[in-house]
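Student: Sending over a structure as structure tokens; questions will come in a sec.
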Amino acid sequence: MLYYIIRRVFMMVPTLLVISLLTFFIIELPAGDYISNQIAALKSSGEQSSVAKLEFLRKEFSLDRPFFERYLIWIGLWPGPHGFDGLIQGNWGWSFEFDKPVEQVVGPTLPLTIVLNFATILFVYVVSFPIGIFSATRQYSWADYGFTFLGYIGLATPNFLLALILLYLFNQWFGLSVGGLMAPEYIDQPWSFDKAMSVLAHLIVPTIVIGTSGTAAMIRRLRANLLDELHKQYVTTGRAKGLKENQLLVKYPLRMAINPFIADIGNLIPSMVSGSVIVSVVMSLPTVGPILLSALQSQDQFLSGFILLFVAVLTLIGMLISDLLLAVLDPRIRLGGRASS
């Protein structure tokens, strides 16, 4: 298992390089960049005094160099105006829109984004796992129909609409504002026990809002997988040998049915981040979602590139976790890893 983990971690390095190249290519697709757009706007308005400063920034951040050279400088594999000073060396880049280092722009939001995504994924699995099993083992019962109906509602309801509904209901029924991820008095304050409790309390509503559609999809998927396994011959044979239903369910079909369920951990992370952008704006959540939206709109390439790469890293970590869980749950995966080694 140790060799399997080491091999998977080393495989993440070339994967990250490919993802970083694709990310840089995508954010460079629109014509121009932040500095070029600012220069064009100043020239069109007749303001020439600030153009020289922008031209200096263009050279300072290597925006006047060819594509691959800019990419390698951004990564830190090619010397720029200040030598090797890229992502590998810990320099996240400069945000032209906020006029400060990317680290200062996204630094406070990264821990909250990770916490929110972790809480949402935990909510999706904790809720969908027992409901999916219950629906599959009681097919066509009233409870199955009820959960199916709620699942379709969850899939059909946009997250931002659910956020608006909950904001209204909490305000009308309890007189509470559920926006943000902490009480206003804790914003920009050092971490403490009270601040952590405030974050946990404010996590409830956005976790439900963001995780609803994912939960509904997971319930339907687990139900379908488990029903398929329950109708196979080995289950009938197990029943004929006298195995109890609960023992039979846990030992064989459930372990087979949850493989795709566990494998989706890595895929959930980017969908949570992308799906929470509008929700974060509606609920004033201090996550990277609104910053990414603003960076893409203004073509702030270093800021948007880092956030997209950060999401890719979270995705790779999620896929690593899912692979390790699958290796524990499914002996065939372990045997396959040993055979290839």
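The values are calculated or read from the model by the stated rules, or taken from the named source; none is laboratory data. Model, not experiment: these values are computed from the prediction. All Cβ positions, even for glycine, are placed from backbone atoms using ideal geometry, and neighbour counts span all protein chains on display. Accessible surface areas use protein heavy atoms only, side chains included; no ligands, DNA or RNA. Shrake-Rupley method; radii C 1.70, N 1.55, O 1.52, S 1.80 Å.
Student: Report whether or not Ser284 is out of contact with any Asp or Glu (no Cβ under 8 Å at 6 or more places or on another chain), among the polar types (S, T, N, Q), in contact (Cβ under 8 Å) with a residue 60 or more places away in the chain and not in a helix (DSSP H, G or I). Spell out the reasoning first.
Tutor: Details: out of contact with any Asp or Glu (no Cβ under 8 Å at 6 or more places or on another chain): yes; among the polar types (S, T, N, Q): yes; in contact (Cβ under 8 Å) with a residue 60 or more places away in the chain: yes; not in a helix (DSSP H, G or I): yes.
Considered against the rule, which asks whether it is out of contact with any Asp or Glu (no Cβ under 8 Å at 6 or more places or on another chain), among the polar types (S, T, N, Q), in contact (Cβ under 8 Å) with a residue 60 or more places away in the chain and not in a helix (DSSP H, G or I), Ser284 comes out as yes.
Student: Which of the helices (runs of 4 or more DSSP H) contained wholly in the range 24-86 include at least 1 residues that are out of contact with any Asp or Glu (no Cβ under 6 Å at 6 or more places or on another chain), at pLDDT 80 or above and open to solvent by 40 Å² or more (accessible area, probe 1.4 Å)? Don't jump to the end; show me each part of the working.
Tutor: Details: elements: 34-45, 51-60, 67-75.
Where helices (runs of 4 or more DSSP H) fall fully within the range 24-86 and carry at least 1 residues being out of contact with any Asp or Glu (no Cβ under 6 Å at 6 or more places or on another chain), at pLDDT 80 or above and open to solvent by 40 Å² or more (accessible area, probe 1.4 Å), they are 51-60, 67-75.
Student: Moving on to the next point. Would you confirm whether any residue within the range 232-252 is crowded, with 21+ Cβ neighbours inside 10 Å and at pLDDT below 85?
Tutor: For the range 232-252, residues crowded, with 21+ Cβ neighbours inside 10 Å and at pLDDT below 85: present.
Student: With respect to Leu293, determine if the residue is farther than 25 Å from Ala224 by Cα, open to solvent by 50 Å² or more (accessible area, probe 1.4 Å) and at pLDDT 85 or above.
Tutor: Values: farther than 25 Å from Ala224 by Cα: yes; open to solvent by 50 Å² or more (accessible area, probe 1.4 Å): yes; at pLDDT 85 or above: yes.
Yes: the conditions hold for Leu293.
Student: Does Ile307 fit the bill of being farther than 17 Å from Tyr125 by Cβ, open to solvent by less than 20 Å² (accessible area, probe 1.4 Å) and either in contact (Cβ under 8 Å) with a residue 12 or more places away in the chain or aliphatic (A, V, I, L, M) (or both)? Explain how you work it out, then say what you get.
Tutor: Working: farther than 17 Å from Tyr125 by Cβ: yes; open to solvent by less than 20 Å² (accessible area, probe 1.4 Å): yes; either in contact (Cβ under 8 Å) with a residue 12 or more places away in the chain or aliphatic (A, V, I, L, M) (or both): yes.
Yes.
Student: Right, something else. Go through the range 253-271 and report how many residues are open to solvent by less than 10 Å² (accessible area, probe 1.4 Å) and either among the basic types (Lys, Arg) or under 15 Å from the mean Cα position of the chain (by Cα) (or both).
Tutor: Looking only at the range 253-271, we keep the residues that are open to solvent by less than 10 Å² (accessible area, probe 1.4 Å), and these are 253, 257, 261, 266.
Keeping just the survivors that are either among the basic types (Lys, Arg) or under 15 Å from the mean Cα position of the chain (by Cα) (or both) gives 266.
Going through the range 253-271 one residue at a time, the tally reaches 1.
Student: Please indicate, with yes or no, whether at least one residue in the range 194-201 is among the acidic types (Asp, Glu), modelled with pLDDT of 80 or more and out of contact with any strand residue (DSSP E or B) (no Cβ under 6 Å at 6 or more places or on another chain).
Tutor: Going residue by residue through the range 194-201, those that are among the acidic types (Asp, Glu) are 194.
Now drop any that are not modelled with pLDDT of 80 or more, which leaves 194.
Pick out the ones that are also out of contact with any strand residue (DSSP E or B) (no Cβ under 6 Å at 6 or more places or on another chain) and you get 194.
Yes; the residues of the range 194-201 include at least one that is among the acidic types (Asp, Glu), modelled with pLDDT of 80 or more and out of contact with any strand residue (DSSP E or B) (no Cβ under 6 Å at 6 or more places or on another chain).
Student: Another question about this same structure. In the range 95-121, what residues are open to solvent by 40 Å² or more (accessible area, probe 1.4 Å), farther than 24 Å from Thr315 by Cα and in contact (Cβ under 8 Å) with a residue 60 or more places away in the chain?
Tutor: Result: Glu97, Phe98.
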